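Here, each number is a calculation from the coordinates, and none is a lab measurement. Note that the structure is a prediction, hence the values are computed from the model and not measured. A quick note on method: Cβ atoms are made from the backbone with ideal geometry, for glycine too, and the neighbour counts reach across all protein chains shown.
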Number of protein chains: 2
Amino acid sequence: MNPHLHAIIMAGGAGTRFWPASRSLRPKQLLPLGGDRPLLAATVDRIAPRVPAERVYIATGAHLLEATAQTVPSVPREQLLAEPAPRNTAPCIAWATATILRRDPEALIAVFPSDHFIADEPAFLAAIDRALEGAAQGCLATIGIVPTRPETGYGYIESGALLAPGLRQVARFVEKPDRARAEGYVAAGNYLWNAGMFFYEGRVMRAAIEAHLPEIGAFLRRADEAALRGDEAALVARDFSALAAVSIDHGVMEKHDRLAVAPGDFGWNDVGSWESAWELAARDGDGNALPEGSVAVDARGNLVVDLTTTGAHKRLYSLAGVSDLVLVETDDAVLLIPRERAQDVRAIVDALKARGRSDLL
Amino acid sequence: MNPHLHAIIMAGGAGTRFWPASRSLRPKQLLPLGGDRPLLAATVDRIAPRVPAERVYIATGAHLLEATAQTVPSVPREQLLAEPAPRNTAPCIAWATATILRRDPEALIAVFPSDHFIADEPAFLAAIDRALEGAAQGCLATIGIVPTRPETGYGYIESGALLAPGLRQVARFVEKPDRARAEGYVAAGNYLWNAGMFFYEGRVMRAAIEAHLPEIGAFLRRADEAALRGDEAALVARDFSALAAVSIDHGVMEKHDRLAVAPGDFGWNDVGSWESAWELAARDGDGNALPEGSVAVDARGNLVVDLTTTGAHKRLYSLAGVSDLVLVETDDAVLLIPRERAQDVRAIVDALKARGRSDLL
C-alpha cells in the first residue's frame, strides 16, 4: 500500500432521481442502492485495499455533514470537508487536494464519486493501479469505462496511443453525444465513458488549477494561509460559495496536455435512476425485485422498494398482471411509475416544489 | 309508512374481492365503498324512508356480529341474526322471516343485500313501492334492474305481462348467460338483472318454504317451538349449519307460480370489484381517483386507496405515466393490479391461503 496515496470522495450530490427514497437530507449516496450498505459506505470499503479510511477525505454539503459522519464512522471526522454550497467538481477537488497537500506534499490522490456501483472490485482495483501509474508519471489520469451500449447520458473519452499496458493517452474529452454519435463511438472501440474518477500527484493538480483556474488557485492560497492561522473554516464560509461552479473536466482536464486514461470494465453502474436500481437488485425468475414474501401473479419486471418504518420487511406486497413498474413506499410518500419512465421522478419533484411541499423533498 | 313493513338485510358475505381492504373480520359490507359510509350503513339509511331501523333485521355471520352492531348501532341488537355458518340465502331468509312473523303475523317483508350501491335513492324507493304492491297482492315480488350492458356475471329475470303500472309478471328466472345470450337479453328489452331483492307477505313466503323446501320448513317449526321455550339460540347453533345451502332463487322463486317483478333503473351497482369501486369513486378530469393532495403526471384512470392507519390522508401518492391501475394500501398488505384484472385479487388471496397467511385474510 502506497502511504502517499489519499482519496477524495465526492459526496455532495443532492439527487432527486431517487425520490421519495432520496430527500435533501438523505441523498442518493446515503441510500443502500444496489446492495445492503449505503453507496458512500460501499465506496469507502471498495477502495480500502488501496486507501485506508484514515487517508480518505469526503467532500460533502454542510447540511449533510452529520448524516455523512454516521454513514462512514471509520473516516476521521476532520477529513469530512463541508462545502457551504455546491460549486460543481473543480472547487471541490481543488480544496480537498490543497487540504491533503498540507498533510503530505508528496500526496498521490485518487478522486471517486460516492454514488456509483461496481460489480467486479478486483478489476476495479486493477484499473486504479493502472491509472495511478499514469499519475506517477505526472499525468492527470482517469479511468474510462468500456461502454456496453450507445448511452447518450454520459460524456465520452476518446483514447489514443498506448502509454503502458492498460494505460492510454487521452485524445479528447467528448460531451454527451446524440444517439448516432454514441453508436459511432461504441463501434469505434476507442471511446470510453467518463465516470468522474481522477488520479494525480497533488502538486500536479495544484499547478494545473493555478494555470487553468486562477480564481480557484487564489482561493487555495488564501485557504492555505488561513489554515496556518487556524481559521480556514471562516475563510471557506466566506469565499467558497463565490467560486465559479465549474467541473474539473471543463475547468482542468480538457485544457491539460498530459492526460492518461485506464480503460476499465468492472460492471460499473452510475445508479442513475430507479431503472438502475432495478438492474442492480436481486430479481426472481420473472424479473421482479420485490420485498421478501411478496406475492406475484403473472407479474414481470417490477421493482418494489419498501422504506416505510412500520412496514419494512413486514408488509406483504401483492402484484398481479402488472409489468415493468416501480413502486417505492416511504412513510409520507409513495411513487408509482413505469420503469422506463424513471426520469419522470423529476417532474413529480418539480410539481411538489411548485406546491411548496418542500417537507417532502 | 306501513307499520307492518319489515326489512331483512343480508350481511353475511365474506367477500375476498376487495382484499386487502376486505378481511374475514371486515368484509365488503363493512367498508365505505362508493361513499363515505360502510355499504351496510348506507343500506340501512337508504331504506329508512320506508322501514325504520327498529323494524330492520340483519342476518350476518356469528363472527361478524360485533363489527356489524358497531356499524349500524341504530338497529336493535336483538335484531341481528347470527348464522353459525353461511348456508346461502334460503335458510337465511327463511329464518329471518320466521323471526319477524313471531313479532308480526301480518308482516310485509322486504329483503335487501347489504353490499350494493344505489345512486338514485328516490327512484329506488319508488321501485320498492311497486314491488310491495305485488307483495300485497300475494305475490313473491322482486326488483329487476334494467340492464345497461350485456353483463355475463348476473342472473336475469324475463318479465311478462303487466300486472300494474311498473309491475310485471315474472316469465322465468335465467342463469348467468354467455355473452351472445346476454346481448340478446339486452336487445329484447324485457330482461332484467336479478339483484337479490325480495318483497313478500311473511306468511306467503313461509308457506312457499314449507311447500318447496320442507326440510327448512321443519327447521322453522322447531325454531318457533324453541323460541317459545326461550332457547332458540341453542337450536340454531345445533341445526342451522345442517341445512342445505340453497339460494332463495333456486329453492323458492323459480318454483313458485305467483311472481312479480318491478323494473328498476336507479344507478344500481353491485360493487363487485375494485373496478366497481373506481366507477363509483370521485375522479379527476383524467379519470384518476386518488387520495387528496396526490400528484399525477400523465397518469389516467388510476384508483389509489390508502387505508393505512399512519398514512391515511397524510401520505402523498405520486404517479407518473401509469394508466388504469389499482393500488390499495393497508398497514400490512399492498395490492397492485390493473383495473381490468380486478378479479385477479382472488388469485392473490388463494396464493396467501396456500402459504398459510390467514393472518392477512
Shape descriptor, the stretch A:284-333: equivalent ellipsoid semi-axes (Cα gyration tensor, sqrt 5λ, whole Å, largest first) stand at 19, 11, 8
HN-Hα couplings for the stretch B:179-192 via Karplus (6.51, -1.76, 1.60; θ = phi - 60°), in whole Hz with x for Gly/Pro, come out as 4, 5, 5, 4, 5, x, 5, 5, 5, 4, x, 10, 9, 10
Here the FRET efficiency for residue B:357 versus residue B:307, based on Cβ atoms and R0 = 22 Å and rounded to 0.05, is 0.75
Looking only at lysines whose Cα falls under 21 Å of residue B:176's and that sit 8 or more positions away or on another chain, we get B:255
For residue A:242 and residue A:1, extending 7 Å from Cα along the Cα-Cβ vector and measuring point to point gives, in nm, a value of 4.1 nm
Label points for residue B:186 built 7 Å along Cα→Cβ; distances to same position in the other copies, nm, shortest first, come to 4.9
For the residue B:314, residue A:228 Cβ pair and Förster radius 45 Å, calculated FRET efficiency rounded to 0.05 is 0.25
Extend 7 Å from the Cα of residue B:332 along its Cα-to-C-beta direction; within the stretch A:290-329, residues with backbone N under 11 Å of that point are A:315-316
Placing each pseudo-label 7 Å from Cα in the direction of the beta carbon, residue A:48 and residue B:162 end up separated by a distance in nanometres of 9.0 nm
Quick calc, residue B:215 & residue B:25: beta-carbon distance into FRET formula, R0 35 Å, rounding 0.05, result 0.70
Largest fluctuation, B:184, B:196, B:267 only, Gaussian network model of chain B with Cα springs under 10 angstrom, belongs to B:184
The stretch A:134-163 scanned against label point 7 Å out from residue A:183 along Cα→C-beta; backbone N under 11 Å for A:150
Residue-normalised 222 nm signal for the protein assembly as shown, counting each DSSP H run of n ≥ 4 as -39,500 (n - 2.57), nearest 500 deg cm²/dmol, is -9500 deg cm²/dmol
Counting sequence-distant residues (5 or more places) and residues on other chains, those with an amide H built under 5 Å from that of residue B:334 are A:316, A:317, A:318
For the stretch B:116-129, Karplus-derived ³J(HN,Hα) couplings (6.51, -1.76, 1.60; θ = phi - 60°; whole Hz; x for glycine and proline) come out as 10, 10, 9, 7, 9, 6, x, 5, 5, 4, 5, 5, 4, 4
So for the stretch B:197-317, using the alpha carbon gyration tensor with a ≥ b ≥ c as root eigenvalues (a/c under 1.5 gives rounded; past that, a/b versus b/c decides prolate or oblate), I'd call it prolate
Computed for chain B: size of charge dipole around the Cα centre, +1 on C-beta of each Lys and Arg, -1 on C-beta of each Asp and Glu, debye to nearest 20, value 520 debye
Listed by chain and number, the residues whose amide H is under 5 Å from that of residue A:324, excluding neighbours fewer than 5 places away on the same chain and using placed H, are A:300, A:301, A:302
Checked the stretch A:1-97 with the C-alpha gyration tensor, a ≥ b ≥ c its square-rooted eigenvalues, rounded below a/c of 1.5, otherwise prolate if a/b is larger than b/c and oblate if not; verdict oblate
Computed on Cα atoms, the radius of gyration and Dmax of the stretch B:274-360 in angstrom are 13.6, 42
Pseudo-spin-label distance residue A:103 to residue B:85, built 7 Å along Cα→Cβ, given in nm, is 7.6 nm
Going residue by residue through the stretch A:49-64, the Karplus relation 6.51 cos²θ - 1.76 cosθ + 1.60 with θ = phi - 60° gives ³J(HN,Hα) values, rounded to whole Hz and with x marking Gly or Pro, of x, 10, 10, x, 4, 6, 10, 9, 10, 10, 9, 8, x, 4, 6, 9
Applying the gyration tensor rule to the Cα atoms of the protein assembly as shown (axes a ≥ b ≥ c; rounded if a/c under 1.5, else prolate if a/b exceeds b/c, else oblate), the class is prolate
In a Gaussian network model of chain B with springs linking alpha carbons closer than 10 Å, the residue among B:347, B:110, B:227 that fluctuates most is B:347
Label points for residue B:121 built 7 Å along Cα→Cβ; distances to same position in the other copies, nm, shortest first, come to 6.7
Amide H proximity to residue A:8 below 5 Å, modelled H, separation 5+ or other chain, gives A:57, A:110, A:111, A:112
With one decimal in nm and the nearest listed first, the spacings from residue A:105 to its own position in the other copies, using label points 7 Å along Cα-to-Cβ, are 11.9
Ratio for chain A, C-alpha Rg to 2.2 N^0.38 Å, reads 1.03
